[in-house]
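Step one of this worksheet: look at the structure below.
The values are calculated or read from the model by the stated rules, or taken from the named source; none is laboratory data. None of the values given here were measured: they were computed from a predicted structure. Counting neighbours? That spans all protein chains shown, and the Cβs are built from the backbone with ideal geometry, glycine included. We work out accessible area using only protein heavy atoms, side chains counted, and drop any ligands, DNA or RNA first. Shrake-Rupley method; radii C 1.70, N 1.55, O 1.52, S 1.80 Å.
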Amino acid sequence: MSTMWRIADVVSGVPETETSRTIGLRVAGLDGYLAGQHIDVRLTADDGYSAVRSYSVATARMGGILEITVAELADGEVSPYLVRDLAVGEQLEIRGPVGGWFVWRPSDPNPVQLIAGGSGVVPLMSMVRAHEASANPSQFRLLYSLKSPEAGFYREELRTLGLESSRFSVDYVYTRSVPVGWPNPPARLTAGTLLANILPVDVAPDIFVCGQTVFVETVAEWLVQAGYPAATIKTERFGGTGGTR
């Protein structure tokens, strides 16, 4: 995992929603990375001004191509360019992947509960993909809190995995609008809804929570209050209304 800046070739750019995009990068000398890690992206203007932002990796060692999914911030310096303007064939300066705490390894034996708020699903998706690509038999469960069905990332892949995988399941909470035929009205995530849709305490899961700061802190507090050991809860957060991207 390099901490030096290097050049990545942009090989793909696929919209996830109206305001987000998955970008595929080919990085020379990439020697593998762990599910849950992130990279730094640096943009430099003609006048020398540069801005650096961190983005979680969404893939799991897939053929030397590394993917990030970027959600656009209306007042962002970096994300609007990455979502709207960056073209296939261009290059980016990147550093990483880095990070050794908020990660999942195929050798980890415990069941895993993933809890995502909005774009916080990105590093958790890398864990889901790494798990599905491995022979690890542990149970994975994802609780995904979204404003609306249209706001979800990786919708078709998660739908297919939820139907076909024997080791993975996904549950949704919609806060502003729900799919047609959804049994419940839109509502913010509560402690009761959380506990009804995650692996129980006695299963002793490893828990990964990612999303906006308030979401992550609230969920972590509910988990501890419900008896989940704090040492089993790993969190990653970002501020603002859509991240610090």
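Yes/no per residue for (1) touching a residue at least 24 places away in the same chain (Cβ under 8 Å); (2) within 26 Å of SER20 (Cα to Cα):
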| residue | (1), (2) |
| --- | --- |
| SER138 | yes, no |
| PRO149 | yes, yes |
| SER166 | no, no |
| PRO185 | no, yes |
*Quick one: GLY152 ticks every box in (1) closer than 30 Å to MET4 by Cβ; (2) of a type in the set (Gly, Ala, Ser); (3) in contact with a strand residue (DSSP E or B) (Cβ under 9 Å, 6 or more places away or on another chain) except a single one, so which number is it?*
(1)
*Has segment 98-107 got at least one residue that is over 27 Å from TRP5 (Cβ atoms) and polar (S, T, N, Q)?*
yes
*asked:* Suppose the filter is over 15 Å from the mean Cα position of the chain (by Cα) and either open to solvent by less than 30 Å² (accessible area, probe 1.4 Å) or of a type in the set (Asp, Glu) (or both); does ILE94 pass it?
replied: yes
*asked:* Tell me yes or no: at least one residue of segment 86-100 is within 25 Å of LEU158 (Cα to Cα) and of a type in the set (S, T, N, Q).
replied: no
